[in-house]
Amino acid sequence: MATGTSIWQKTRKVWAILGSLVLVVFVGWSLIAYRATGEAKDALAGDDLVPVVRGAGYWFFRPVDVEGTRPVGFLFFPGALVDPAAYAPLTRAVALAGYPAILVDVPRRSAFGGANGTEVIERAIRGMQADPGAVKWVIAGHSRGGAIASRFVHERNWRAAGLILIGTSHPRDFSLAHVTLPTAKILGSLDRVSPLEKSEANRHLLPVSSKWFVIPGGNHSQFGWYGFQPGDRFATIERELQQQAMIEAVLKMMETAARDV
């Protein structure tokens, strides 16, 4: 019995070591594959046109070349494991159009429960408070960030002016069909991380008035400025073109939301 117990203990130790090695490799690989490009980091640094202020759990992209105060802001949740800076070009573009924009730094990049609980919502609310002129906010997110955005609107509809879901099949676990806010899905035709068919299967969970934008040749990874995401398909259009199409769709929804406030 003692020998059997000893063998079992050694086996458990080996599996524990292997598990730790797998975790280390996964984290290391994620930091490489999901890290932001140089262009994205430049956008996060800010400049005279769009100063960027680092807050407690968020970045505030402040528009400066606009007369008056916009009543609507843009709040964005990044995808899981992705460097938040990868979405700085999008938030910068929205700020350049005159809307205050918040990029939320999701705890632990959405891993290990970072996308759940109250901490991520508290960070988002602190970001909203950075611009008291914005009465309401269009809530947006990519991939897992779309799940957070959906939950935010589900639980805090009174703070929202609209919902934009990018490269995500969420919501899945609850219905937003009753929501009267301007709502949009922006999808890539070649996205295999969040395939079109999954979004179609959950279409009934969104308002019937939702706008759907499908970018031909676009994939999952190119909705941000980071490396190729395993499990995705290679896009047949350049990242710049996919980004341009996404930004145009986002700005259309921002204009709609601003008119409705």
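Any residue at all in the stretch 169-186 that's assigned to a helix (DSSP H, G or I), modelled with pLDDT of 95 or more and assigned by TED's automatic domain parsing to the domain that holds Phe77? No, the conditions are met nowhere in the stretch 169-186. When Asp48, Asp42 are checked against the criterion of being of a type in the set (D, E, K, R), modelled with pLDDT of 65 or more and not in a helix (DSSP H, G or I), a single residue qualifies: Asp48. The residue list Ala161, Ala235 contains one member that is crowded, with 19+ Cβ neighbours inside 10 Å, of a type in the set (A, V, I, L, M, F, W, C), in contact with a helix residue (DSSP H, G or I) (Cβ under 6 Å, 6 or more places away or on another chain) and in a loop (DSSP other than H, G, I, E, B), which is Ala235. Being modelled with pLDDT of 95 or more, assigned by TED's automatic domain parsing to the domain that holds Val135 and surrounded by 19 or more Cβ atoms within 10 Å (Cβ to Cβ): is that true of Leu90 here? Yes: the conditions hold for Leu90. If you scan the stretch 43-66, which residues turn out to be within 20 Å of Trp225 (Cα to Cα), surrounded by fewer than 16 Cβ atoms within 10 Å (Cβ to Cβ) and out of contact with any Lys or Arg (no Cβ under 7 Å at 6 or more places or on another chain)? The answer is Ala45, Asp47, Arg54.
The values are calculated or read from the model by the stated rules, or taken from the named source; none is laboratory data. In this text the structure is predicted, and so the values were computed from the model without any measurement. In this analysis, Cβ positions are derived from the backbone assuming ideal geometry, glycine residues included, and neighbour counts consider all displayed protein chains.
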